[in-house]
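Since the structure comes first, as structure tokens, the remarks are kept for the end.
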Amino acid sequence: MEENKSPIKSIDEYILSCPKEVQEVLKNLREVIKEAAPEATEKISYQMPTFFLYGNLVHFANFKNHIGFYPTPNGIEAFNQELSKYKTSKGAIQFQKDEPLPYELISRIVKYRVVENIKKAEEKAVNKKKQ
């Protein structure tokens, strides 16, 4: 990355900064996430497009040979079987650029994360009232 390049401030900016051949895939990924989590807000966090709902929900990013998708370790564990054909780590999934993205699976992972974040926020509110 260039030293004097100003930081990206929006997902639109991020997508436009990517190579043309991947922009449409990133736009589609963004739409799938927005449909699965309509209440989530968008921001840039860790220099990546991020969806936020009572905390970070999911991130995604463009890399040379893959698109990274970050649904937290719980999001990966819950769909471990279906993700077995993809390279995963504790909190990341790598979707190879030469294969179509599994949008339906991504949508289900995002919906799972929405439920998880709402549940955590509710538990936090209950615990706060008890204090």
Q. Which one is nearest to the chain's Cα centre (by Cα) among residues in the stretch 70-101 that are among the small types (G, A, S) and assigned to a helix (DSSP H, G or I)?
A. G75
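Residue by residue, here is whether (1) exposed (fewer than 12 other Cβ atoms within 10 Å of the Cβ); (2) closer than 20 Å to K111 by Cβ holds:
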| site | (1), (2) |
| --- | --- |
| E13 | no, no |
| L16 | no, no |
| F51 | no, yes |
| H59 | no, yes |
| E82 | no, yes |
| K90 | yes, no |
Q: Could you list, in sequence order, all residues of the stretch 92-101 that are of a type outside the set (V, I, T) and surrounded by 12 or more Cβ atoms within 10 Å (Cβ to Cβ)?
A: A92, Q94, F95, Q96, K97, L101
Q. So how many residues does the stretch 101-131 have that are modelled with pLDDT of 95 or more and more than 30 Å from K87 (Cα to Cα)?
A. 0
Q | Near pairs, Cβ below 8 angstrom, 6+ apart or cross-chain, from the stretch 39-57 (under 19 Å from Y112 (Cβ atoms) and of a type in the set (S, T, Y)) to any residue that is at pLDDT below 95 and loosely packed, with under 15 Cβ neighbours inside 10 Å | A | Y54/K120; Y54/A121
Q) If we scan the stretch 102-118, do we find a residue that is surrounded by 14 or more Cβ atoms within 10 Å (Cβ to Cβ) and assigned to a strand (DSSP E or B)? A) no
Q. From the list I67, I33, which residue is of a type in the set (V, I, T) and either without any contact (Cβ under 8 Å) to a residue 40 or more places away in the chain or not in a helix (DSSP H, G or I) (or both)?
A. I67
Q | Residues (of a type in the set (D, E, K, R) and closer than 24 Å to K34 by Cα) located in the stretch 99-131 | A | E99, E104, R108, K111, R113, E116, K119, K120, E122
(Q) Any residue that is more than 23 Å from D98 (Cβ to Cβ) and either among the hydroxyl-bearing types (S, T, Y) or at pLDDT below 95 (or both) - is there at least one of those in the stretch 15-23? (A) no
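The values are calculated or read from the model by the stated rules, or taken from the named source; none is laboratory data. All of these numbers come straight from a predicted model, not from anything done at the bench. Counting neighbours? That spans all protein chains shown, and the Cβs are built from the backbone with ideal geometry, glycine included.
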